[in-house]
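Only one structure is covered here, and it is reproduced in the block below.
The values are calculated or read from the model by the stated rules, or taken from the named source; none is laboratory data. Since the structure is predicted, the reported quantities are computational estimates derived from the model, not experimental observations. Note that we place each Cβ from the backbone using ideal geometry, even for glycine, and neighbour counts take in every protein chain shown.
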Amino acid sequence: MPVPWLQLIDAALGVANFARGRSAPQASASQELQAAPPLQGGLEARLAGVVVAALKEAFDRDSRRLELEREQLAAERLRAERAMRLELRRQAADHEIGRQRLLAGVAFAAWIGTLAFSSRVIGGPLGARLALGAGWLFLLGAIASSFAAQSQAAAAVEALAADDDPRRTEPGVAGAFALWLLLLGLVVIGVAALIA
């Protein structure tokens with residue numbers, strides 16, 4: 001029967017390793033304790049560094065996202081405010097057009113209304129006829145300036161639609177002039193009626 005040399009050598013090495021391990025258990029244990037914390041501490045430090053870096057990256061990404069959202073909200077708020085201002089100016093221009101149409105209608109009705117008693121004034125003295133003529137001119141001027149103010153307001157609305165210049169929606173001189181011409185015309189016609 002052959003001798004199992006390899007198994008015998010393996011057993012001898014195992015006994016030697018066992019004997020060496022038993023002869024210096026305190027020395028190897030102290031070496032393991034001294035060597036273990038730096039390995040574990042280094043690994044823990046690296047893991048902690050990786051975790052901190054990942055958290056920092058997540059916080060940075062979240063802060064960038066929040067900043068982008070804030071900028072988008074601010075831009076949307078500015079667009080909404082601008083749209084509101086433009087809408088208010090458009091409404092103001094529409095109101096001015098309506099007011100000028102009313103002034104033109106009143107001036108025209110007053111001019112037509114004076115035709116009813118114009119025969120009495122025309123047959124009267126020269127001053128009454130001149131006052132009636134001047135009153136009619138003032139009323140026709142009020143109608144003309146009212147139409148001019150309407151066209152200015154309509155142009156302002158078109159400028160708002162084209163984002164040209166939103167400051168052009170204020171009523172011009174013609175709008176204020178129409179009202180004063182209307183009032184002056186009615187006063188002069190009233191004086192003509194009194195003279196006649």
If I filter the stretch 108-136 down to residues being surrounded by 14 or more Cβ atoms within 10 Å (Cβ to Cβ) and of a type in the set (A, V, I, L, M), which single residue comes out as modelled with the lowest pLDDT? 121
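Assess whether residue 83 counts as being part of a helix (DSSP H, G or I) and within 26 Å of residue 177 (Cβ to Cβ). Walk me through it before giving the result.
Values: part of a helix (DSSP H, G or I): yes; within 26 Å of residue 177 (Cβ to Cβ): no.
For residue 83, the condition - part of a helix (DSSP H, G or I) and within 26 Å of residue 177 (Cβ to Cβ) - is not met.
Kindly check whether there is at least one residue in the stretch 161-172 that is outside any helix (DSSP H, G or I), under 28 Å from residue 82 (Cα atoms) and in contact with an Asp or Glu (Cβ under 7 Å, 6 or more places away or on another chain). Please lay out each step first, then the result.
At the first step, the residues of the stretch 161-172 found to be outside any helix (DSSP H, G or I) are 162-165, 170-172.
Checking which are under 28 Å from residue 82 (Cα atoms) leaves us with 162-165, 170-172.
Then drop every residue that is not in contact with an Asp or Glu (Cβ under 7 Å, 6 or more places away or on another chain), which leaves 171.
Yes, the stretch 161-172 has at least one match.
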Within 16 Å of residue 189 (Cα to Cα) and either in a helix (DSSP H, G or I) or more than 40 Å from the chain's Cα centre (by Cα) (or both): does that describe residue 147? no
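Restrict the check to the stretch 91-109 and report whether at least one residue is farther than 27 Å from residue 150 by Cβ, in a helix (DSSP H, G or I) and either in contact with a helix residue (DSSP H, G or I) (Cβ under 7 Å, 6 or more places away or on another chain) or in contact (Cβ under 8 Å) with a residue 24 or more places away in the chain (or both).
To start, the set of residues in the stretch 91-109 that are farther than 27 Å from residue 150 by Cβ comprises none.
No, because not a single residue in the stretch 91-109 is farther than 27 Å from residue 150 by Cβ, in a helix (DSSP H, G or I) and either in contact with a helix residue (DSSP H, G or I) (Cβ under 7 Å, 6 or more places away or on another chain) or in contact (Cβ under 8 Å) with a residue 24 or more places away in the chain (or both).
Among 183, 115, 132, which is the only one that is in a helix (DSSP H, G or I), in contact (Cβ under 8 Å) with a residue 40 or more places away in the chain, among the hydrophobic types (A, V, I, L, M, F, W, C) and out of contact with any Leu (no Cβ under 9 Å at 6 or more places or on another chain)? Working first, answer last.
Working: 183 fails: in contact (Cβ under 8 Å) with a residue 40 or more places away in the chain; 115 fails: in contact (Cβ under 8 Å) with a residue 40 or more places away in the chain.
Selected residue: 132, the only one of 183, 115, 132 that is in a helix (DSSP H, G or I), in contact (Cβ under 8 Å) with a residue 40 or more places away in the chain, among the hydrophobic types (A, V, I, L, M, F, W, C) and out of contact with any Leu (no Cβ under 9 Å at 6 or more places or on another chain).
Listed here are the residues, each with its yes/no results for (1) at pLDDT 90 or above; (2) among the small types (Gly, Ala, Ser).
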residue	(1), (2)
49	no, yes
88	no, no
96	no, no
106	yes, no
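I'd like the residue in the stretch 137-147 that is in contact with a Leu (Cβ under 8 Å, 6 or more places away or on another chain) and not aromatic (Phe, Trp, Tyr) and, out of all such residues, is surrounded by the fewest Cβ atoms within 10 Å (Cβ to Cβ).
141
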